[in-house]
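Novice: Structure provided below as structure tokens; questions to follow.
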Amino acid sequence: TDAATYTFDGTEDMKGAIFSEGQIVFSGTGTLGVTGLYKHAICSDDYISLEGGTLNVLRAASDGIHANDYYTQTGGTLTIANTGGDGIESEGTLLISGGTVDATVGTADTKAVKSDSTMTIAGGTLAITLNADQTKGLKSKCALHIDGGTLSFDCSGGVAVVDGEPSYCTAIKCDSVLYMTGGNISITHTGASGKGLSADLDLNITGGTVTGAFSGNGQTYTNASGTSDTCNATGIKADGALNLLGGTIDLSCSGTGGKGISADGLLTIGTAESAPQITVKTTGSKIGGSTSGGTAGGWGGWQGPGANRPGTGTSTSGTGGNPKAIRGKRNVHVVNGHLILSTSADGGEGLESKQTLTIDGGTIEATTYDDALNAATAIVINGGNIYCYASGNDAIDSNGTITINGGQVLSCGATSPEEGFDCDQNTFLINGGVLVGLGGSTSTPSSSSAQCAAVYSGASGSQGTVYSVCASDGSHVLSVTIPRQYSSMTMLLSSPLISQGGTYTIKTGATLTGGDDFNGLATGGTLSGGTTTKTFTASSKVTTVR
């Protein structure tokens, strides 16, 4: 323990309770407790390395450990608490490949582990607690690599707005490109608008596991231009491109406006060889509505100079930010993977692109309140198995065109006027694949489509009713199990087995032996029995069944 004040003689640096002009290496099996009352607890003008033993930073006026060169940890046990500054700060690179780090930061706008250069976590166990606004668990100014280790984050800090920009409490923050190839990350975040993994440039995940539960509400604030804006909790956020190419991701957001995954640049999911497993659930409502009095959303805590906390003592109204499972501001490209997406409140969409959404393969199961799939410019489906169920809106909704070239698609929208497939009056091309659209209505496929489709309006069915289509020779084309009650339903049916000029029968209650079933969409096998509902001839590319 050093003194709270020093007597300066003009010749010695006074930077910490333990200070060295050269390297500091901790090893062995002993235990050392350090309290820095004046500045840092431990400081070196060279590098600091922890190889063994137990090192407890009990208190520091500034940083717990400060290395002017670099910091490495290959073993040992490090505990840091009660710091006025960062837990570990390295002005150079930072590498943790073994040992244990248990760090708690409770001072606003500080970091548990910080590097001014490249940071690499290759092993070890890190347990980090963030108790104040704007705090960061891992913070790197250059590239950040997570290649292994077990990392857990318990976050309760909130967000403050500084000069019109929100500054978040974030588990892992990179000012450059973030790479994750392995390791296990677990995040619990109760703070307002909390963030999990966040990169100012690109974010790449090719392996490892990320699980996160975010319960803090989103908020409105006044941005630098003086207009109202929103901020919200987000599990994984990239300001550049986001590449989710492998690994397992499981995120839940229960606060208002929460988003599981968000990218400002191109969002790519999976590769031809790698199929990430992604589960995202949001249960919060949209930001806005009506709030009055007190502190909306529990902002609380510290406010630094020039900072404010939106929502405090205000009344706001409007649509605000909507909750989303996965959101891309630019193109979204699903190459492979298994996506399980769910939302339960108004505005909650499953997979959204502000430009073009392209799906080449994989499996997507989206059960949402609002649109299950949504794109501003176009939706292109080239393959994959896709199940979409929207309880309050269209299931697949493009503000531009829809093109389906392959895959299996079952798209269940709400009752009238909502649709299974909706592209307004824009071009809807069906060139391949097996698809069934259910809803109060549907967009009509173009006569330029390469594959035939039938639109059957006025049907009805309770949940569990099975509709089947068979050819004139009795061979099975497709069957669909109705997932909800429809008093008046429009069915869009298309399959490579529906040929122009052929005659087909729509039945209910038939028995299917064998075949393949994907969430109620069945193909193959042998059909028998059933009650004939309609018979039609596919006289053109699009046939209306009455």
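The values are calculated or read from the model by the stated rules, or taken from the named source; none is laboratory data. Just so it is clear, the model here is predicted, and its values are computed rather than measured. Virtual Cβ from ideal backbone geometry, glycine too; neighbours counted across all protein chains shown. Side chains included, ligands, DNA and RNA excluded: accessible areas come from the protein's heavy atoms. Shrake-Rupley method; radii C 1.70, N 1.55, O 1.52, S 1.80 Å.
Novice: In segment 406-434, what residues are closer than 18 Å to Ser495 by Cβ, surrounded by 22 or more Cβ atoms within 10 Å (Cβ to Cβ) and either free of Cβ contacts under 8 Å to residues at least 12 places away in the same chain or of a type outside the set (Phe, Trp, Tyr) (or both)?
Specialist: Gln408, Val409, Leu410, Ser411, Cys412, Gly420, Ile430, Val434
Novice: Among strands (runs of 3 or more DSSP E) lying entirely in segment 429-546, which contain 1 or more residues that are modelled with pLDDT of 95 or more and in contact with a Pro (Cβ under 7 Å, 6 or more places away or on another chain)?
Specialist: Result: 453-461, 542-545.
Novice: Could you check segment 99-121 and list, in sequence order, the residues that are surrounded by fewer than 24 Cβ atoms within 10 Å (Cβ to Cβ) and either among the aromatic types (Phe, Trp, Tyr) or assigned to a strand (DSSP E or B) (or both)?
Specialist: Thr100, Asp102, Thr104, Thr120
Novice: Cβ-Cβ under 6 Å, sequence separation 6+ or interchain: first residue in segment 111-140 and within 15 Å of Gly64 (Cβ to Cβ) and of a type in the set (Ser, Thr, Tyr), partner modelled with pLDDT of 95 or more and part of a loop (DSSP other than H, G, I, E, B). Which pairs?
Specialist: Thr135/Thr110; Thr135/Gly157; Thr135/Cys169
Novice: Out of all the residues in segment 259-269, which are surrounded by fewer than 24 Cβ atoms within 10 Å (Cβ to Cβ) and in contact with a Lys or Arg (Cβ under 8 Å, 6 or more places away or on another chain)?
Specialist: Answer for segment 259-269, where residues must be surrounded by fewer than 24 Cβ atoms within 10 Å (Cβ to Cβ) and in contact with a Lys or Arg (Cβ under 8 Å, 6 or more places away or on another chain): Ser262, Asp264, Gly265, Leu266.
Novice: Follow-up. Quick check on segment 435-454: of everything there that is within 19 Å of Ala390 (Cβ to Cβ) and among the β-branched types (Val, Ile, Thr), which residue is least open to solvent (accessible area, probe 1.4 Å)?
Specialist: Val436
Novice: Here is a further query. Under the condition of being part of a loop (DSSP other than H, G, I, E, B) and hydroxyl-bearing (Ser, Thr, Tyr), which residue from segment 1-29 is least open to solvent (accessible area, probe 1.4 Å)?
Specialist: Tyr6
Novice: Ok, one more. For segment 80-98, give me each residue that is among the polar types (S, T, N, Q), within 31 Å of the chain's Cα centre (by Cα) and outside any loop (DSSP other than H, G, I, E, B).
Specialist: Across segment 80-98, the qualifying residue is only Ser90.
Novice: While we're here: Go through segment 353-368 and give me each residue that's surrounded by 24 or more Cβ atoms within 10 Å (Cβ to Cβ) and either over 17 Å from Leu266 (Cβ atoms) or of a type in the set (Ser, Thr, Tyr) (or both).
Specialist: Of everything in segment 353-368, those that are surrounded by 24 or more Cβ atoms within 10 Å (Cβ to Cβ) and either over 17 Å from Leu266 (Cβ atoms) or of a type in the set (Ser, Thr, Tyr) (or both) turn out to be Ser353, Ile364, Ala366, Thr368.
Novice: Being within 18 Å of Ile205 (Cα to Cα), touching a Pro at 6+ places or on another chain (Cβ under 8 Å) and open to solvent by less than 30 Å² (accessible area, probe 1.4 Å) is the filter here, so list the residues in segment 238-258 that pass it.
Specialist: Passing the criteria: Leu244, Gly246, Gly247, Ile249.
Novice: Moving on to the next point. Name the residues in segment 30-86 that are open to solvent by 50 Å² or more (accessible area, probe 1.4 Å) and of a type in the set (A, V, I, L, M, F, W, C), would you?
Specialist: Passing the criteria: Leu32, Leu37, Leu58, Ala61.
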